[in-house]
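The values are calculated or read from the model by the stated rules, or taken from the named source; none is laboratory data. Just so you know, these numbers come straight off a predicted model, no measurement behind them. With ideal geometry, Cβ positions are generated from the backbone for all residues, glycine too; neighbour counts draw on all protein chains shown. Note: areas computed on protein heavy atoms with side chains; ligands, DNA, RNA excluded. Shrake-Rupley method; radii C 1.70, N 1.55, O 1.52, S 1.80 Å.
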Amino acid sequence: MVRLDRLAVACLAVAFVGACADDSTRADQAPEDGDGAGGTDTAEPHQEDETGTAPGSGNPDDGGTDSQGAADGSDDDGDNGDFACAADCGPAGKCVLSEDGLESCACDVGYTPFGMQCLVCKETSGFTELAIEPVDVAVRVLINGEPAPASNYENAAIWLQDRASGDRVRLGETKDGSRLAASVLPGTYDVMYERLLGGNVVPRNEAAIVGRLDVWDSTEMEIDLQAVDVRGAITLAGAEPPQGNYENGKIVFVDPRTGDEIHVGNTNNGSYAATVLPGKYDVHYQLLLGGDDVPSNRDAFITTVEVKADDSTRAQIDIDVPVIEISGPITLDGASPPQSNYETAALVLVDLTTGDEVLLGETQHGEFSRRVVPGVYDLVYQRILGGDVVPINRRAVLGTVDVVSEPNFTVAIETATIAGDFTLDDGPMTAAPGEDATVSLLDPKTGDEILLGNLSTGSFNRKVLPGSYDVVYSQLSAAGALPANTGAILQSLDVAPGDSRVPAIDIGTAVVTGSILLDGLEPPTSEFSDGRLYLRNQSSGDSVLLGSTRAGEFAATVVPGTYDVVYVVETAGEEVPVNNRATVLSSIDVTDGAELALDIPVFEVLGRLLVNGTRAPSDTGNRGQLLLEDVATGDIIPLGGTNAGDFSRNVTAGRYVVVYEGQASTGIMPANEHAGLACLDLVVR
């Protein structure tokens, strides 16, 4: 059972409201014993350091702060707005911060990261017993020092979340009373607040981090949320915005850590008011209707504001949306574009900060005029119809424009007409009857593919935008003469403005043959116990079907290059591995062809789950499912339900994380939605 004899009482005070009593343990502080009890049998325990305190628990003489940030739950990030990396990854790892501010762990050799923990990876070839000891977490939620309203109409949910792994535990809803509780696996979690309904009493945030909680033993805590009434005027370039519904945009506060968007008001009201949690927010403008008077942007960054965590429950922050009018002519090879619906392209501004797209106009109109939020944008060309006069590119970046320094500019589109031949192994294009493939130009900046032509035509002639492209081969139907690749990069091609004949695009070939064994034995010949083998280029995604395991051998024509050999189960019989995507050989060079003797190892992963030292409950009211997650490919393999008893699955070699997903619990099973329990190394010796 969950150990309540070591109950830790904690209080999480957000923004200095409702501070804890002196004898309480902070919610983001681990218990002083720091022994990590309650974890899995393969998780690295938290050991005491030479000072006798657990890593991340802080020095008892310095006021109780630790690597998680300020003791009041606010961000201890100084004045630069950067968020500190505070995850406690244990002695085998360190916290790393991604570009979007997401914390995760970088782990030592022999460990693998899973969310905000480092799992030790153990070799296994037999029975695996997984032991977990869930602990209880209970919270009492206050808002500005008062109990949260017991109302469906002013209601929020409280979660524990490991944002790096996606694991979450729902503690409950504020309307359900003063104590929200759940059984969870030990670990480090962000405490998340999610508004469900209302927003006059409960804050409007729908994904707000309100604290950090290290859970190593059963814990009770108090969350006192400061709800701030923030309000202010909305102006448009310093003036009063239009009051009609048909020229209108909304003002949104965006939490930069979680991406949570809080709609605080509309421009046509001239002011806004909203109840939010303290913190730093990016202010965005989003067009609702119009665009003649208000900016045409559907998502533009305006500024950053801070709703301060002080003793006040009201803040005044005025928002001004800057506007600039941009205009100019559109030319095609120095002349006016055709004024035709059948030869036209769209011109789009792409906001480099938000990715928002603003339509400038079409080439057929010959000019453009728009009101936008000042900023730096990519100017993107998108063909709508045609391709004889306008370039056939469906998405290409023409350049970057700073509309602040250059509000009036010319969109000058240059074109290139390229022509050439297709060859096969430097000779004439020959293929078996019914065989064909396409060759395309791939724009590496946008991912746009431009069809040059079919091999069966023998040549190509296309009008495109100048630039650097990858040349991509994709088979339509192959019978042996043509490669069976789905998307092989043949070469790079630099296209200059004007008309040019380019060197022949050659499709080289190589033959790959081989035999297939499963764990040293001939594979089953039944179609009900079968797998597929592919060559795959992991960087481009190109793949070639080699054949089925039940055939025992294979032969395929491919584009020369370096590939991995990937196994994919077709029908999961008793003998074949059930992996949906497993790399069985890496970096195979088939430039001159290859003969491969493939022997796919098969491991039986079998075991059971113990909860507090005994078998997991067999009733449906306390159950979860266990999964294997391939660390290399991300492939997910179901092991079975915890209430079904022992599990058994055939898989191939690799490194796997055993993942637990809770489905139902009366308090015995943990409520985690996606928690890593252990790391298994299946290695051929």
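Name every residue in the range 535-544 that is buried (at least 17 other Cβ atoms within 10 Å of the Cβ) and either β-branched (Val, Ile, Thr) or not in a strand (DSSP E or B) (or both), in order of residue number.
537, 542, 544
Considering only residues of the range 154-197 that are surrounded by 22 or more Cβ atoms within 10 Å (Cβ to Cβ) and acidic (Asp, Glu), which is modelled with the highest pLDDT?
Result: 167.
Give the range 545-569 a look and list any residue that's among the charged types (D, E, K, R), assigned to a strand (DSSP E or B) and within 15 Å of residue 517 (Cα to Cα), or say none. Please lay out each step first, then the result.
Kept after step one, since they are among the charged types (D, E, K, R), are these residues of the range 545-569: 550, 553, 564.
If we keep only those that are assigned to a strand (DSSP E or B) too, we end up with 553, 564.
Correct list: 553 only.
State yes or no: is residue 322 over 23 Å from residue 450 (Cα atoms) and open to solvent by 30 Å² or more (accessible area, probe 1.4 Å)? Even if it seems obvious, please write down each step before you answer.
Working: over 23 Å from residue 450 (Cα atoms): yes; open to solvent by 30 Å² or more (accessible area, probe 1.4 Å): yes.
Yes: the conditions hold for residue 322.
Does any residue of the range 545-556 turn out to be surrounded by fewer than 19 Cβ atoms within 10 Å (Cβ to Cβ) and modelled with pLDDT under 95?
Looking for residues that are surrounded by fewer than 19 Cβ atoms within 10 Å (Cβ to Cβ) and modelled with pLDDT under 95, one finds none in the range 545-556, hence no.
Of the residues 90, 115, only one is part of a loop (DSSP other than H, G, I, E, B), open to solvent by less than 40 Å² (accessible area, probe 1.4 Å) and within 21 Å of residue 634 (Cα to Cα); which?
Working: 90 fails: within 21 Å of residue 634 (Cα to Cα).
Step by step, each of 90, 115 is checked, and only 115 is part of a loop (DSSP other than H, G, I, E, B), open to solvent by less than 40 Å² (accessible area, probe 1.4 Å) and within 21 Å of residue 634 (Cα to Cα).
Would a scan of the range 651-663 turn up a residue that is in a strand (DSSP E or B), open to solvent by 50 Å² or more (accessible area, probe 1.4 Å), at pLDDT 95 or above and under 30 Å from residue 137 (Cα atoms)?
yes
Being open to solvent by 60 Å² or more (accessible area, probe 1.4 Å) and touching a residue at least 40 places away in the same chain (Cβ under 8 Å) is the filter here; which residues of the range 330-354 pass it?
333, 334, 341, 342, 352, 353
Picking from 237, 273, 233, 207, which residue would you name as being crowded, with 18+ Cβ neighbours inside 10 Å and modelled with pLDDT of 95 or more? Break it down into steps so the answer makes sense when it comes.
Details: 237 fails: crowded, with 18+ Cβ neighbours inside 10 Å; 273 fails: crowded, with 18+ Cβ neighbours inside 10 Å; 233 fails: crowded, with 18+ Cβ neighbours inside 10 Å.
Every option except 207 fails the conditions.
I need the strands (runs of 3 or more DSSP E) fully contained in the range 207-276, keeping only those with at least 3 residues that are among the small types (Gly, Ala, Ser).
Counting at least 3 such residues, we get 271-276.
Which one is nearest to residue 648 (Cα to Cα), of the residues in the range 125-153 that are of a type in the set (A, V, I, L, M, F, W, C) and loosely packed, with under 14 Cβ neighbours inside 10 Å?
The selected residue is 127.
If you take the residues in the range 370-401 that are in a strand (DSSP E or B) and in contact with a Gly (Cβ under 8 Å, 6 or more places away or on another chain), which one is surrounded by the most Cβ atoms within 10 Å (Cβ to Cβ)?
Ranking the candidates gives 396 first.
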